[in-house]
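*Asks:* Just passing along the structure, written as structure tokens.
Every number here is computed from the coordinates shown, using simple stated rules; none is lab data. Model, not experiment: these values are computed from the prediction. Cβ placement follows ideal geometry from the backbone for every residue including glycine, while neighbour counts extend to all protein chains displayed.
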Amino acid sequence: MVQTIVVASQKGGAGKTTLTSHLAVEAERQGVSPVAVIDTDPQAGLSGWFRVRQPDTPALVQVLPEGLKATLDKLAEGGVPLCIIDTPPAITESIASTVALADLVLIPARPSPNDLRAVGATVDIVEEAGRPMVFVVNQAVARSKIKSETIKALSQHGPLAPVEIHHRIDFATSMTDGRTAGELDLKSASAVEITELWTYIADRLARRKRYGIASR
Ligand SMILES: Nc1ncnc2c1ncn2[C@@H]1O[C@H](COP(=O)(O)OP(=O)(O)OP(=O)(O)O)[C@@H](O)[C@H]1O
Ligand SMILES: [Mg+2]
């Protein structure tokens, strides 16, 4: 069984690609191996990051012509325990079918009125597919009123990760040469947040596994 995280939000720039790369690297660092990532976005931001990356892990996997489900089945056969899928900022049939394959859908949202207004459309797709989901507040500004308002607004729609990812330049700069904030400095505040976020996600996935909830 390959546990599958789909990172989705209709809103462009919410942090899907940043979280996909950072969580994949962090999961491997914490001993999940090998971790696969899949880029289903035609803008190919994740693939671009991988292209300039020195290590060849996590593994960037191409979708087979037979489709995403067949690709995940192949990963499961190969003993890959975790796959994180980056998606385009859109509401399409293809996003819905990708979300349907998720053990957990991660929805990043910035503390902005625009992001909050857009979140309902993503949640609708996830609910339609009946998949578990969690919001992650991204690009938060510490102690800001809008951050607490965002947390309150999102919690009306569904569960929130207990850690917010703050706006910090190393999330962006680290990715320019194919790394992550944690690979620049494991003790940085950014790296610590990603560690906490992965620890929370890993726990949610482990509970599903423990209760024998089969994916897909
Ligand atoms: N926590 C953060 N702190 C600082 N910059 C961030 C953070 N998260 C994302 N960014 C930056 O914001 C921009 C958008 O992030 P990202 O590409 O991850 O979003 P996305 O949801 O994948 O966008 P798209 O919908 O276009 O695919 C990027 O330039 C990224 O470096
Ligand atoms: Mg992206």
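*Asks:* Would you mind classifying the range 140-216 by shape? Square roots of the alpha carbon gyration tensor eigenvalues, ordered a ≥ b ≥ c; an a/c under 1.5 is rounded, otherwise it is prolate if a/b is larger than b/c and oblate if not.
*Replies:* oblate
*Asks:* Where in the chain are the helices, taken as whole DSSP H runs, whose Cα atoms extend 15 angstrom or more along the long axis and whose Kyte-Doolittle mean reaches at least -1.0?
*Replies:* 16-29, 113-129, 145-155, 189-210
*Asks:* With a/c under 1.5 counting as rounded, go ahead and sort the range 67-157 into rounded, prolate or oblate using the C-alpha gyration tensor (a ≥ b ≥ c being the square roots of the eigenvalues; past the cut-off, prolate if a/b is larger than b/c, else oblate).
*Replies:* Prolate shape, in that a/c is at least 1.5 and a/b is the bigger ratio.
*Asks:* Taking the DSSP beta bridges in the chain as the whole, what percent of them are antiparallel, to the nearest 5?
*Replies:* The antiparallel fraction comes to roughly 5 percent.
*Asks:* Now a separate question. Which net charge results when you count Lys and Arg as +1 and Asp and Glu as -1 among the other residues whose beta-carbon is under 10 Å from that of residue 104?
*Replies:* Cβ neighbours under 10 Å give a net charge of +2.
*Asks:* Tell me which GluC sites (Glu not before Pro) from the range 1-78 have a DSSP coil assignment and no more than 13 other beta carbons within 10 Å of their own.
*Replies:* 66
*Asks:* Expressed in nm to one decimal, what extension gain is obtained for the pair residue 96 and residue 146 from 0.36 nm per residue of sequence separation less their Cα-Cα distance?
*Replies:* Full extension of this stretch gives 15.0 nm more.
*Asks:* In whole angstrom, how far apart do the alpha carbon centroids of the range 92-136 and the range 9-35 sit?
*Replies:* Answer, in whole Å: 16.
*Asks:* What does the charge add up to near residue 200, with Lys and Arg as +1, Asp and Glu as -1, over the other residues with Cβ less than 14 Å from its Cβ?
*Replies:* Once all neighbours under 14 Å are counted, the net charge is -2.
*Asks:* With r defined as the distance between the Cβ atoms of residue 187 and residue 56 and R0 fixed at 30 Å, what FRET efficiency is calculated, to the nearest 0.05?
*Replies:* E between residue 187 and residue 56, to the nearest 0.05, is 0.75.
*Asks:* Identify the trypsin sites (Lys or Arg not before Pro) of the range 28-104 meeting these criteria: DSSP loop state and at most 14 other C-beta atoms within 10 Å of the C-beta.
*Replies:* none
*Asks:* Pull up all non-local amide H partners of residue 37: gap of 5 or more, or a different chain, and H-to-H distance under 5 Å with H placed in the peptide plane.
*Replies:* Those lying under 5 Å, H to H, from residue 37 are 59, 60, 61, 84.
*Asks:* Inverting the mean 1/r over all pairs of different Cα atoms, compute the Kirkwood radius of the range 3-210 and quote it in Å.
*Replies:* Computed over Cα pairs of the range 3-210, the Kirkwood hydrodynamic radius comes out at 17.0 Å.
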